[in-house]
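Worksheet: the structure to be examined is printed underneath.
Just so it is clear, none of the values below were taken in a lab; they were calculated from the coordinates. Just so it is clear, the model here is predicted, and its values are computed rather than measured. In this analysis, Cβ positions are derived from the backbone assuming ideal geometry, glycine residues included, and neighbour counts consider all displayed protein chains.
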Amino acid sequence: MATAKRSYWLVKSEPTTFSFDDLLASPDRTTSWEGVRNYAARNFLRDGMRRGDQVLFYHSSTEVPAVVGICEVAREAYPDPTQFDPQSEYHDPKSRAEEPTWLMVDLRAVEALPRPLPLTELKGVTALAGMELLRRGSRLSVQPVTAAQFTAIRRLAGLR
DNA sequence: GCCAACGTTGGC
DNA sequence: GCCAACGTTGGC
């Protein structure tokens, strides 16, 4: 049987909206990742993310922006129902049910990092030069991470 | 709160 | 299709 090539990703979340602790506390430590409303991010969700891919969980817009945990893709892309919900902050009146514009995946927590890795620290790590997160003006809420970057992050946090 | 860096919208 | 205006993200 051919081995699917595993990919690595990083997702951002504002901890006041949904934190890694919230993910750990979710049923089966799993949540649907609704609310992605950027085409580049959606394309990564749709075309890149495969079940079992490992995902860094990043806290943005907080006192100490940091990578705080690792999760994995538990379900591949499917339509995000909030786009059709007029009550939702993610409502998109232009999206049609026959051809949904926005997709989401399910993410399951794997483990919290033994220590969070602040953005300020990551900026000084040679092995992470070129990481999308560290690019000036980077705003992508779903972004690819290389295997080398993923491993470097694990080691920095004290994981094998 | 400021503002740089983007993405999106809409007039033309 | 161009591009200015506007809105959003997110670090600081």
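Is the range A:25-34 home to any residue that is away from DNA strand C (no atom under 16 Å from the Cβ), within 20 Å of A:LEU133 (Cα to Cα) and charged (D, E, K, R)?
We begin by selecting, within the range A:25-34, every residue away from DNA strand C (no atom under 16 Å from the Cβ); these are A:25-32.
The next check asks that each one be within 20 Å of A:LEU133 (Cα to Cα); those that pass are none.
Looking through the range A:25-34, none of the residues is away from DNA strand C (no atom under 16 Å from the Cβ), within 20 Å of A:LEU133 (Cα to Cα) and charged (D, E, K, R).
Could you please find all residues in the range A:42-70 being within 12 Å of DNA strand B (Cβ to nearest atom) and free of Cβ contacts under 8 Å to residues at least 40 places away in the same chain?
Listed by number, the residues that qualify are A:ASN43, A:GLU63.
Given A:VAL105, A:VAL67, A:VAL73, A:VAL55, which one is within 13 Å of DNA strand C (Cβ to nearest atom) and surrounded by 19 or more Cβ atoms within 10 Å (Cβ to Cβ)? I'd like the intermediate steps shown before the answer.
Values: A:VAL105 fails: within 13 Å of DNA strand C (Cβ to nearest atom); A:VAL73 fails: within 13 Å of DNA strand C (Cβ to nearest atom); A:VAL55 fails: within 13 Å of DNA strand C (Cβ to nearest atom).
Result of the check over A:VAL105, A:VAL67, A:VAL73, A:VAL55: A:VAL67.
Got at least one residue in the range A:122-134 being away from DNA strand C (no atom under 16 Å from the Cβ), of a type in the set (A, V, I, L, M, F, W, C) and buried (at least 18 other Cβ atoms within 10 Å of the Cβ)? Reasoning before the result, please.
Just the residues of the range A:122-134 that are away from DNA strand C (no atom under 16 Å from the Cβ), to begin with: A:126-127, A:130.
Next cut, of a type in the set (A, V, I, L, M, F, W, C) only: A:127.
With buried (at least 18 other Cβ atoms within 10 Å of the Cβ) added as a condition, the list becomes none.
Scanning the range A:122-134, I find no residue that is away from DNA strand C (no atom under 16 Å from the Cβ), of a type in the set (A, V, I, L, M, F, W, C) and buried (at least 18 other Cβ atoms within 10 Å of the Cβ), so the answer is no.
For the range A:150-159, state whether one or more residues are part of a loop (DSSP other than H, G, I, E, B), among the small types (Gly, Ala, Ser) and surrounded by 12 or more Cβ atoms within 10 Å (Cβ to Cβ).
Here is the first cut: in the range A:150-159, the ones part of a loop (DSSP other than H, G, I, E, B) are A:158-159.
Filter again for among the small types (Gly, Ala, Ser), leaving A:158.
From what is left, the residues that are surrounded by 12 or more Cβ atoms within 10 Å (Cβ to Cβ) are none.
Looking through the range A:150-159, none of the residues is part of a loop (DSSP other than H, G, I, E, B), among the small types (Gly, Ala, Ser) and surrounded by 12 or more Cβ atoms within 10 Å (Cβ to Cβ).
What number of residues within the range A:78-96 satisfy the criterion of being in a loop (DSSP other than H, G, I, E, B) and either surrounded by 11 or more Cβ atoms within 10 Å (Cβ to Cβ) or within 16 Å of DNA strand B (Cβ to nearest atom) (or both)?
Taking the range A:78-96 first, the residues in a loop (DSSP other than H, G, I, E, B) are A:80, A:85-95.
Still in the running and either surrounded by 11 or more Cβ atoms within 10 Å (Cβ to Cβ) or within 16 Å of DNA strand B (Cβ to nearest atom) (or both): A:80, A:85, A:88-95.
The number of residues fulfilling the criteria is 10.
With closer than 23 Å to A:SER19 by Cβ, of a type in the set (A, V, I, L, M, F, W, C) and more than 16 Å from DNA strand B (Cβ to nearest atom) as the only criterion, which of A:LEU119, A:LEU107 stands out?
Matching residue, one of A:LEU119, A:LEU107: A:LEU107.
Which of the residues spanning the range A:24-47 are at negative phi and over 12 Å from the mean Cα position of the chain (by Cα)?
Answer for the range A:24-47, where residues must be at negative phi and over 12 Å from the mean Cα position of the chain (by Cα): A:LEU24, A:ALA25, A:SER26, A:PRO27, A:THR30, A:ARG37, A:ASN38, A:TYR39, A:ALA40, A:ASN43, A:ARG46, A:ASP47.
Report, by residue number, each residue of the range A:1-40 that is closer than 16 Å to A:TYR58 by Cα, among the charged types (D, E, K, R) and not in a loop (DSSP other than H, G, I, E, B).
A:LYS12, A:ASP21, A:ASP22
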